[in-house]
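All of the numbers you see were taken from the coordinates with simple rules; none came from a lab. Computed from a predicted structure; not experimentally measured. We place every Cβ from the backbone using ideal geometry, glycine too, and count neighbours over all the protein chains shown.
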Amino acid sequence: MSPELVGLAGTIILLILIALRMPIGLALGLVGIVGAWILLGFDTMVFALGTAPIESMGSFTLSVLPLFLLMGVVAARAGFAESLYQAAYGFVGHHRGGLAMASLIACGGFGAVCGSSLATVATMGRIAVPQMLRYGYSPPLAAGSVATGATLSILIPPSLPMIIYAVLTETSIGQLFAAGIVPGVIGVVLYAITTAIWMRFQPEAGPAGTRSPWRERLRLLSGIWGVVGLFLLVLGGIFAGLFSPTEGAAVGAGGAILLGFVTRKLTVRSLIQAISETVVLTAAILFIVVGVSLFDFFVSGAQFPQGLAALLDGLDLPRYVILAGVLACLILLGCFLDVIAIIFVTTPVLFPVMQQLGFHPVWYGIMTMMVVEFGAVTPPIGMNIFVLTKQLPEVSAAQAFRGIVPYLGADVARLLLFIVFPGLVLWLPNMFFN
C-alpha cells in the first residue's frame, strides 16, 4: 500500500474513532503512533514519540491559551453577559423581535471577552431565552437566535478555535484577530436583518418589548463600559504593537478579574472556581496538542498533503472550485464532529493544500472559522443546541433546530461575500500588520 493510501486510511480511522466518542487527543495520538510505525518503522516511531510532544508543548505561542481561557471563564462568572444583554435590550427591545436582536448583539459582545461558543450559549441561554419566552416569543426564535449568535464567539477575537488554528499553522495570532473583526460585525448585522425579515412574515413570533427611556438606556450603557474598555485595551494594544498576543492575554485576564471585583460580581470563591476550570480546560486542550504532534508526524511521513495536492492538481479544476469542495467537506464534518475536533484533524492536511493553491493563510483561517460555525448548530450533533436545550427543558431540540434555519441563510450570504471580496477580511490585518 502506498504512503498516500496509508495516510488516507489513517485519517478515515481517526474520524471513525472520534465519531465513536474516543477522546480527540487519544485518537490523534493512537493513529499517529501506529501510522508512523507502519510507514517509518519502529525506531522512527519511538523517536517521534519522544520528541514531537515535547517540541509541540514547548511552543511559546501556546502560552496565550490559558490566559485567554481564564479571561473568558472569569467573564462568564462575573456577569458580563447579563450587562451586555440588558444594554442591548434597552436600545432595540421595543422593536418586534427586539429581544432576539438584543441576544444576538450581546452574544457578539460577550464573544469579544469570552472566545468560546459553548460558554457563550450556556451563559446567554440562561439569561435571554427565559425572558423571551416570558414575553411570548416562539421557542424556535428564542433558541435559534441565542444558539446562532453564540457561534460568533468562534469568529470574534479572542477566539479559542482561532488561537488553535494559529498554533497549528504558525500564522500570526494578531493578524487572525484583526481579520475576524469585520466578518464578526457583519455577522451580527446580517443576523439582525434576518430577524427583522422573520418578523415581517411572522410578527407574532417576536412581540415588541417595552420602550426604555433615554435616561435608562444611558444607565444600562454605563454598565458595559468596563467590558468594552477591556476589549479595546487588549486588542488595541496588540494591534498597536504595545504588547504581544501573550502579553495582551495576560492584560485581558488580569483586567477581567479586576473588573469583576470592582463591579462586585466576582468573589474570591468564584475566582478560585474560574482558575480551576481554566486549568482543566487547558490540560484537555494541551493533551489534544500532543496528539496532533504525533498525528502530524504520521501525516508528514505519508506525504498525504502532497498527494492530495497532486491529485487536485491533476483534476485541473479552478482553485475556487477546489475551495468550495473543501468548505463543503468542513461543513459536512461539522454535522458529526465538534469545532475543536474539525480544526485539529483537518488543518494539518488541508492547510498545505490551500497554501499551494495560493490562498492567504489568514483569509483561509477566517473561512475555516465561518464554516465550522455551521457545525455548532446543525444536526445531528449541534453542540450549541445540545447545551441550550439541556439547561432549558421548556425548549425542545427540534424547536431549536428549526430556529437556526433562517440564520443559516445569513451565514451562507456572509461566506459568499468574503469569497467574492477577500479584501474585506484582509483590510484590518493589512492596516495594522503591513
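Structural descriptor for the stretch 319-422: relative contact order 29 percent, calculated from alpha carbon pairs under 8 angstrom and at least 6 residues apart. Per q in 0.10, 0.24 Å⁻¹, report the Debye log10 I(q)/I(0) for the stretch 214-313, using one uniform scatterer on each alpha carbon and no solvent. Result of the Debye calculation: -0.55, -1.17. A simple packing score, the average count of other Cβ atoms within 10 Å per residue, orders the peptides 207-218, 386-397 as 386-397, 207-218, with the highest score first. So what is the diffusion coefficient of the stretch 26-78 in µm² per second by Stokes-Einstein at 10 °C and 1.306 mPa s, using a Kirkwood Rh over Cα pairs? Estimated via Stokes-Einstein, D reaches 119 µm²/s. Rg and Dmax of the stretch 217-258, based on Cα coordinates, read 11.7, 36 Å.
Computed from the Cβ-Cβ distance with R0 of 56 Å, the FRET efficiency linking Gln202 to Leu317 stands at 0.85.
Once both axes come from the Cα atoms, what is the angle between helix 268-302 and the longest principal axis of the chain, in degrees from 0 to 90, rounded to 10? Result, in degrees: 30. Taking every C-alpha pair closer than 8 Å and separated by at least 6 residues, the mean separation divided by the residue count of the chain gives a relative contact order of 27 percent.
Modelled spin labels at Thr210 and Phe47, positioned 7 Å past Cα toward Cβ, are 7.3 nm from each other.
Can you give the angle from 0 to 90° between the axis of helix 64-77 and the longest principal axis of the chain, with both taken from C-alpha atoms, to the nearest 10? Result, in degrees: 30. Based on the Kirkwood approach, the hydrodynamic radius assigned to the stretch 81-239 is 15.9 Å, with every pair of different Cα atoms included. Helix 225-239 and the longest principal axis of the Cα set of the chain meet at an angle near 30°. The Cα trace of the stretch 308-413 gives Rg and Dmax of 15.9, 53 Å, the first to one decimal, the second as a whole number.
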